[in-house]
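Chemist: Below are the structure tokens for one structure; questions will follow.
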Amino acid sequence: MSDLLIKPKNDKNYHSMTAEQSGWTYLNFEAKILDVNEQISGNTGEYEYCIVLLGGNFKVEAAGQTWETRNGRKDVFSGIGHAMYLSRNTEFVLTSQSAQTDIAICKVLSDEDHPPRMKRPEEAAIEYRGGDNANRQINSLLEPGFDCHKIVCVEVYTPSGNWSSFPAHKHDERKVDADGNLLEANLEEIYFYKIDKPQGYAIQQVYTEDRSLDEIVRVKHNEAVLVPKGYHPVVAGHGYNVYYLNFLAGSDQSLANTSDPDHDWIYGTWKGSDPRLPIVTAEMNG
């Protein structure tokens, strides 16, 4: 089995991955299912947090404030996610307000302070990238420019049979132009998958130009793929709509990247858009 493929555990805390375990510097990732009224409490310490609601509802109390999702989605194919941002050194209590509340948590080392905030589904910018059978939907949860230190978080919906993260791109080397403008950030990234049918799957390739890393991974529901470097396109298995949640962190709070020059010719060749998009909207929530 690929070292890049992370399979879920068979319990409520079904993912728990530290940066140290992954050989990384920044990204720590968890996924949990909470019973109604179950709580997570603590102090964020040296980390900033992004907590994404995958299904259900929760309440967060922190920094003398209270946030409630209220219009949470049944699952990731039933609306857009809430994202709760917490800065370092923040005491918090998260309370599940529904049975089987499903959450994903990203933790990243930080030496900066930023205000806590809940980003709601109706605030998420929706973008459609690509075209033809490379068309997909991107919902920005913690987008570049969000008031945080390092975390970027987006969720991506790829219709059955379509390509995604394509033409392939990479973000493993920090590059600036002569004027100091960022051309490519050096980012660690995790792809966390949900499939709309239990037997469904996606296929992801992770490769470098010199092919010192060149893996193709078959990914199923609730599995994750680590992208330490290189290009990383995805294709949804025919018959199965594919969701993936991306957490990224690294040199810059940015998605600046470099595309694979072998496939640059594809940009601008698309003749149409996929009528199946959007797969989800904020109006579906609640």
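Chemist: Using Cα pairs under 8 angstrom and six or more residues apart, how large is the relative contact order of the chain, in percent? Numbers along the way, then the final one.
Modeler: Working: 777 pairs, mean separation 59.9, N = 286.
Relative CO of the chain lands at 21 percent.
Chemist: Cross-link list K12/K197; K12/K170; K9/K150; K107/K197; K12/K74; K9/K220: which exceed 25 angstrom alpha carbon to alpha carbon? Before the final figure, lay out the partial values.
Modeler: Numbers: K12/K197 20 Å; K12/K170 33 Å; K9/K150 28 Å; K107/K197 29 Å; K12/K74 17 Å; K9/K220 13 Å.
Correct reply: K12/K170; K9/K150; K107/K197.
Chemist: Calculated FRET efficiency, D262 and D75, Cβ-Cβ r, R0 51 Å, to nearest 0.05? Can you show the working numbers first?
Modeler: Values: r = 37 Å, r/R0 = 0.72.
That pair, D262 with D75, gives E of 0.90.
Chemist: Could you report the chain's accessible area per residue, 1.4 Å probe, as an integer in Å²?
Modeler: Numbers: 12370 Å² over 286 residues.
Per residue, the chain has an accessible area of 43 Å².
Chemist: For the charge dipole of the range 153-242, defined by +1 on Lys and Arg C-beta atoms and -1 on Asp and Glu C-beta atoms about the Cα centroid, which residue among G239, Y191, Q205 has the Cα displaced farthest towards the positive pole?
Modeler: Ranked along the dipole, the leading option is G239.
Chemist: If each Cα of the chain is one equal point scatterer, what is log10 of I(q)/I(0) from the Debye formula at q = 0.08, 0.11, 0.16 Å⁻¹?
Modeler: Ignoring solvent entirely, the Cα scatterers give -0.31, -0.61, -1.37.
Chemist: Under a 1.4 angstrom probe, counting protein chains only, how are Y240, Y193 ranked by accessible area, largest first? Mind showing how you got there, number by number?
Modeler: On the way: Y240 40, Y193 0 Å².
These residues rank, largest area first, as Y240, Y193.
Chemist: Rounded, prolate or oblate for the range 35-110? Axes are the square roots of the Cα gyration tensor eigenvalues, ordered a ≥ b ≥ c, and the cut-off for rounded is a/c under 1.5. Each step should come with its number before you reach the end.
Modeler: On the way: a/c = 2.12, a/b = 1.58, b/c = 1.35.
Verdict is prolate for the range 35-110.
Chemist: Using 0.36 nm per residue of separation minus the Cα-Cα distance, give me the extension gain between S273 and K197 in nm, one decimal. List each step's numbers first, then the result.
Modeler: On the way: separation 76, 0.36 × 76 = 27.36 nm, distance 2.40 nm.
Full extension from S273 to K197 adds 25.0 nm.
Chemist: Also, I was wondering about something else. So if I place +1 on the C-beta of Lys and Arg and -1 on the C-beta of Asp and Glu, and nothing else carries charge, what would the dipole magnitude of the chain be about its Cα centre? I want it in debye, nearest 20. Intermediate results must be reported in sequence, preceding the final value.
Modeler: Values: 27 positive and 42 negative charges, 217 e Å.
With Lys and Arg at +1 and Asp and Glu at -1, about 1040 debye.
Chemist: If packing is taken as the mean number of other Cβ atoms within 10 Å per residue, what is the order of 262-270, 110-118, 194-202, highest first? Don't skip to the end; give the middle numbers.
Modeler: Details: 262-270: 11.4, 110-118: 14.9, 194-202: 17.4.
Peptide ranking by packing, descending: 194-202, 110-118, 262-270.
Chemist: List the extent of the Cα atoms of the range 173-286 along each of their three principal axes, largest first, rounded to whole Å.
Modeler: Rounded to whole Å, the extents work out to 47, 32, 32 Å.
Chemist: Looking at the chain as a GNM with Cα springs under 10 Å, which of Q204, Q137, Q65 has the largest mean-square fluctuation?
Modeler: Per the Cα network of the chain with a 10 Å cutoff, Q65 tops the list.
Chemist: Of all GluC sites (Glu not before Pro) in the range 1-61, which ones are in loop regions per DSSP and have a Cβ with at most 12 other Cβ atoms within 10 Å?
Modeler: Working: sites: E20, E30, E38, E46, E48, E61; in loops: E38, E46.
Hits after loop and neighbour filter: E46.
Chemist: Give me the net charge of L226's neighbourhood, meaning all other residues with Cβ under 9 Å from the Cβ of L226; Lys, Arg count +1, Asp, Glu -1.
Modeler: Details: positive: none; negative: D3, E188, E189.
Computed value for this residue: -3.
Chemist: Show W24, W163 ordered by accessible area, largest first, where the area counts protein heavy atoms only and the probe is 1.4 Å. Write out the running numbers ahead of the final one.
Modeler: Numbers: W24 30, W163 100 Å².
If we order W24, W163 from most to least accessible, we get W163, W24.
Chemist: Please work out whether the range 102-241 counts as rounded, prolate or oblate from its C-alpha gyration tensor, where a ≥ b ≥ c are the square roots of the eigenvalues and a/c under 1.5 means rounded, while otherwise a/b larger than b/c means prolate and anything else oblate? Provide the component values of the computation, followed by the final result.
Modeler: Values: a/c = 1.66, a/b = 1.21, b/c = 1.37.
It comes out oblate by the Cα gyration axes.
Chemist: Further, regarding this structure: Evaluate the distance, in nm, between pseudo-label points positioned 7 Å from the Cα of K7 and of L182 along their respective Cα→Cβ axes.
Modeler: 3.7 nm
Chemist: Further question on the same structure: Rounded, prolate or oblate for the range 1-64? Axes are the square roots of the Cα gyration tensor eigenvalues, ordered a ≥ b ≥ c, and the cut-off for rounded is a/c under 1.5. Mind showing how you got there, number by number?
Modeler: Values: a/c = 2.68, a/b = 1.36, b/c = 1.98.
Oblate shape, in that a/c is at least 1.5 and b/c is the bigger or equal ratio.
Chemist: OK, next. By per-residue mean of other Cβ atoms within 10 Å, what is the highest-first order of 180-191, 73-84?
Modeler: Details: 180-191: 18.7, 73-84: 22.3.
Most protected by this proxy first, the peptides run 73-84, 180-191.
Chemist: Tell me the label-point distance for the pair T281, D210, using the 7 Å Cα-to-Cβ offset, in nm and rounded to one decimal.
Modeler: 5.0 nm
Chemist: What is the sum of charges around I138, taking Lys and Arg as +1, Asp and Glu as -1, for the other residues whose C-beta is under 10 Å from the C-beta of I138?
Modeler: Working: positive: R129, R136; negative: E127, E143, E155.
Once all neighbours under 10 Å are counted, the net charge is -1.
Chemist: Enumerate the whole-percent occupancy of each 10 Å bin, from 0 to the last occupied one, for all C-alpha pair distances of the range 1-158.
Modeler: Calculated over all Cα pairs of the range 1-158, the distribution is 11, 38, 38, 13, 1 percent.
Chemist: Same structure again: Relative contact order for the range 190-286: what percent, with Cα pairs under 8 Å and sequence separation of 6 or more?
Modeler: Working: 127 pairs, mean separation 29.5, N = 97.
For the range 190-286, the relative contact order is 30 percent.
The values are calculated or read from the model by the stated rules, or taken from the named source; none is laboratory data. Only a predicted model underlies this, so the values are computations on that prediction, with no experimental measurement involved. So basically every Cβ, Gly included, is an ideal-geometry build from the backbone, and we count neighbours across all protein chains shown. For accessibility, only protein heavy atoms count, side chains too; no ligands or nucleic acids. Shrake-Rupley method; radii C 1.70, N 1.55, O 1.52, S 1.80 Å.
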